[in-house]
Amino acid sequence: MISEEQLDTYRLEGTKLRVIRDANPENDVRGIVVAWDEQSVLIRKPNRRVVKLDRHYSYQPASEQRADPWL
């Protein structure tokens, strides 16, 4: 699970993230952190829509190469 400090850093810096939900890269969500609570994170996608995602997903900067969270 991603930490409060890491989420706050991503939000303050406006870092575009990749949220890896499963093994298929086409299902990744890309966007910036808007808000969060104990169970979920709100991500604003480039089309300005907001999605609510579980905090247990893998979060990484979109500029980095996609990591396999199951290794």
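The values are calculated or read from the model by the stated rules, or taken from the named source; none is laboratory data. This one's a predicted model, so the numbers in the text were calculated from it and none came from an experiment. A quick note on method: Cβ atoms are made from the backbone with ideal geometry, for glycine too, and the neighbour counts reach across all protein chains shown.
Remarks
- Hits in the range 29-51 (condition: under 20 Å from S3 (Cα atoms) and in a loop (DSSP other than H, G, I, E, B)): D37, E38, Q39
- If you go through the range 2-24 and keep only what is exposed (fewer than 10 other Cβ atoms within 10 Å of the Cβ) and either closer than 18 Å to P46 by Cα or touching a residue at least 24 places away in the same chain (Cβ under 8 Å) (or both), you end up with L12, G14, A23.
- In the range 19-71, of all residues being in contact with a strand residue (DSSP E or B) (Cβ under 7 Å, 6 or more places away or on another chain) and among the acidic types (D, E), the one that is nearest to D8 (Cα to Cα) corresponds to D54.
- Residue count, the range 59-71 (criterion: modelled with pLDDT of 95 or more and surrounded by 13 or more Cβ atoms within 10 Å (Cβ to Cβ)): 3
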